[in-house]
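A.B. asks: For reference, the structure I am asking about is given below.
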Amino acid sequence: MRTYTGIAASPGYAVGPVFRIRRQKIVPERRQIAGTEVAAEVARFHAAVGRARAEIQVLVDRLTTELGPGEAEILSAQLLILEDELVWDATLALIDREKVNAEAAFARAVADLAARFPGLEDETFRERVNDLRDVEQRVMRGFLGEKAATLQGPGEPSIVSAVNLTPSDTAALGHRNVLGFIMDEGGNTSHVAILARSIGVPAIVGLKGRAVARHVGQVVAIDGTDGRLIVEPDTETTEQFHLMTRQQIVINEKLAGLRDLPAVTPDGHRLRMMANIELPVELDEALARGAEGIGLLRTEYLFFQHQTIPSEDDQVRMYSEMVRRMEGKPVIFRTLDVGGDKVSDYLGAKREYNPFLGWRGIRFSLANRQLFKTQIKAIFRAASHGPAKLMFPMITGVQELRQAREVVDEVQSELQQDGIEHGADLEVGIMIETPSAVLAADLLAGECDFFSIGSNDLIQYTLAMDRGNTRVSYLYQPLHPAILRSIQRTVTAGHAAGIWVGLCGEMGSETRLAEVLLGLGLDEISLHGAALPKIKQVVRWTSYTEAQQVVANLIDLPTADEANQWLAAYIADRKRQRENGGN
């Protein structure tokens, strides 16, 4: 019995035999053509794309029927890639200019487009490149006149294993007899992770070769909650996993009953529970879990999806759809946050020696005023369809906030003068994710309507560590006294100025930290939809007074290790009390 750890992508437990999936990659041969053959090659390209489009549409229809329109949007995005002018124009230009066959020209166009993405540290970029490669292979099969071989799902309940699965592979596979997924690549926002959460099965990604190393039929146990893969579990472990699976079913049924209930403590303290959204497909899951709104809408997706700067109307259509689908629940739009690990050359954000301390967030937006202004105008126009709020990333001081608000004032004035329908008086807030913002929180609070603490970057910048660097990842400690005190200071400053304070980082999704965040006095937590019911349950059974005492005990401990140990003992004791019927 051996245990490996990957990225927990979809919660739950499963035990079963491995069902491996492999795809043979088609690499086109490059050949020169005569000038008289150009027209024929262009026609071949059109025909291959037509076949690919038809196959993708069949999968979109199937996914819509089986899982709903939200999940089908993942594949619908691939149809847009087939219409992308960059791909079309580059392919046709290469055929004509370099006199090469259509397959080679198309492969080159896709490769050039994929190269526009950065070093792929960011999961969003990796998934966009996966989309491109998925479309590329489908078109390649179209050139061969072959229909894409339909993936055959497992004939018995099994754990699906692969290096990665493309969106179309996942859709074609379906979910019959799928107990869970183990993947060597991918992250929390990968298509496999999203679809696994949609169909309610566990998934572990980022296993780095451990998934495909499993042979067909080998029995494994997967813990999608903690990211554990156990190979050839013994009888005791297998029985334990079966027990956890049954317990999880019971727990999920109970948590489902919390969907429409507020997150209110026994002594009456109210906490708003919102959802972080990166992909449109995540919205339906968030609503199904009882989200009261979107506490963080990452707008970068629209830009990276199209690989070009979207027009104001393009943005209005996307943002308006999100607002309408929330049916009166608020949506907080974070303005474009490129730079750092989110560089995109076509936006003009170049890779830098130290990108996290460079030209990113609000700095980039203020330096690209027209781009910034267009996005804010689109958000205001979308706000005519429902409640929306505006949030600026990476604010380090009052000067940046004032400059950003000047753009907001310009936008409002122009929309009013032009008679364009738009939302009026949107709340304007900022992300608190730098030590300077924490230290100046009292000054910033007087010039905005709310704070949202971005705990991921706040931890990284406060503790001077790169969360993507495995050599220093051990320093990523949410319970470090500097982090707890930073959050407490921010909440105190916000409330003193009469504004509300939320948190939208990964801390919000950790069940063990729920009492801590409650006790710190936050008004709102925005988190992954899948984690929302568990956090709400903790809030509903913990008094605000007790949560404040938890924070009082933790905040004076000198090290993160001591804080982690104290909290673990507290949680274990509370669990025993609940099991014994105590309070």
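A.B. asks: How about the stretch 400-433: which of its residues are assigned to a helix (DSSP H, G or I) and touching a Cys at 6+ places or on another chain (Cβ under 7 Å)?
C.D. replies: L401
A.B. asks: While we're looking at this one, here's another question. Part of a helix (DSSP H, G or I), surrounded by 22 or more Cβ atoms within 10 Å (Cβ to Cβ) and at pLDDT below 95: is that true of K575 in this structure?
C.D. replies: Taking the combined requirement at face value, the residue does not satisfy it.
A.B. asks: (1) of a type outside the set (D, E); (2) within 17 Å of T490 (Cβ to Cβ); (3) out of contact with any Gly (no Cβ under 8 Å at 6 or more places or on another chain); (4) not in a loop (DSSP other than H, G, I, E, B): which one isn't true of T396, the others all being true?
C.D. replies: (4)
A.B. asks: Let me ask another. Within the stretch 207-257, restricting attention to residues that are in a loop (DSSP other than H, G, I, E, B) and hydrophobic (A, V, I, L, M, F, W, C), which residue is surrounded by the fewest Cβ atoms within 10 Å (Cβ to Cβ)?
C.D. replies: Of everything passing the filter in the stretch 207-257, V216 is surrounded by the fewest Cβ atoms within 10 Å (Cβ to Cβ).
A.B. asks: Quick check: anything in the stretch 249-270 modelled with pLDDT under 95 and among the polar types (S, T, N, Q)?
C.D. replies: yes
A.B. asks: Could you go through the stretch 476-497 and let me know if any residue there is assigned to a loop (DSSP other than H, G, I, E, B), on the phi > 0 side of the Ramachandran plot and at pLDDT 85 or above.
C.D. replies: Within the stretch 476-497 (the criterion being assigned to a loop (DSSP other than H, G, I, E, B), on the phi > 0 side of the Ramachandran plot and at pLDDT 85 or above), the answer is no, since none of the residues qualifies.
A.B. asks: Determine, yes or no, whether K377 is under 16 Å from V331 (Cα atoms) and assigned to a helix (DSSP H, G or I).
C.D. replies: Answer is yes for this residue.
A.B. asks: Checking the structure you have, find out if any residue of the stretch 452-463 is touching a helix residue (DSSP H, G or I) at 6+ places or on another chain (Cβ under 6 Å), of a type in the set (G, A, S) and in a loop (DSSP other than H, G, I, E, B).
C.D. replies: no
A.B. asks: Does A493 satisfy the criteria of being in contact with an Asp or Glu (Cβ under 8 Å, 6 or more places away or on another chain), small (G, A, S) and either crowded, with 22+ Cβ neighbours inside 10 Å or without any contact (Cβ under 8 Å) to a residue 24 or more places away in the chain (or both)?
C.D. replies: yes
A.B. asks: Being buried (at least 20 other Cβ atoms within 10 Å of the Cβ) and under 19 Å from V539 (Cβ atoms) is the filter here, so list the residues in the stretch 266-286 that pass it.
C.D. replies: The answer is L271, M273, M274, A275, N276, A286.
A.B. asks: Select from the stretch 156-172 the residues that are part of a loop (DSSP other than H, G, I, E, B) and modelled with pLDDT of 90 or more and write down the one among them that is nearest to the chain's Cα centre (by Cα).
C.D. replies: As a first pass, look at the stretch 156-172 and keep what is part of a loop (DSSP other than H, G, I, E, B): 156-157, 163-166.
Within this subset, residues satisfying the condition of being modelled with pLDDT of 90 or more are 156-157.
Numbers: E156: 31, P157: 29 Å.
Selected residue: P157.
A.B. asks: Looking at the structure I just gave you, is V139 modelled with pLDDT of 85 or more and closer than 28 Å to E278 by Cβ? Even if it seems obvious, please write down each step before you answer.
C.D. replies: Values: modelled with pLDDT of 85 or more: yes; closer than 28 Å to E278 by Cβ: yes.
Taking the combined requirement at face value, the residue satisfies it.
A.B. asks: M394 passes all but one of (1) modelled with pLDDT of 95 or more; (2) crowded, with 18+ Cβ neighbours inside 10 Å; which number fails?
C.D. replies: Result: M394 fails condition (1) only.
A.B. asks: Do we have any residue at all in the stretch 354-375 that's on the phi > 0 side of the Ramachandran plot and either modelled with pLDDT under 90 or not assigned by TED's automatic domain parsing to the domain that holds E410 (or both)?
C.D. replies: So in the stretch 354-375, the residues on the phi > 0 side of the Ramachandran plot come out as 361.
If we keep only those that are either modelled with pLDDT under 90 or not assigned by TED's automatic domain parsing to the domain that holds E410 (or both) too, we end up with 361.
Scanning the stretch 354-375, I find at least one residue that is on the phi > 0 side of the Ramachandran plot and either modelled with pLDDT under 90 or not assigned by TED's automatic domain parsing to the domain that holds E410 (or both), so the answer is yes.
The values are calculated or read from the model by the stated rules, or taken from the named source; none is laboratory data. All values reported here derive from a predicted model rather than from experimental measurement. Quick reminder, even Gly has a Cβ in these numbers, built from the backbone with ideal geometry, and neighbours come from all protein chains shown.
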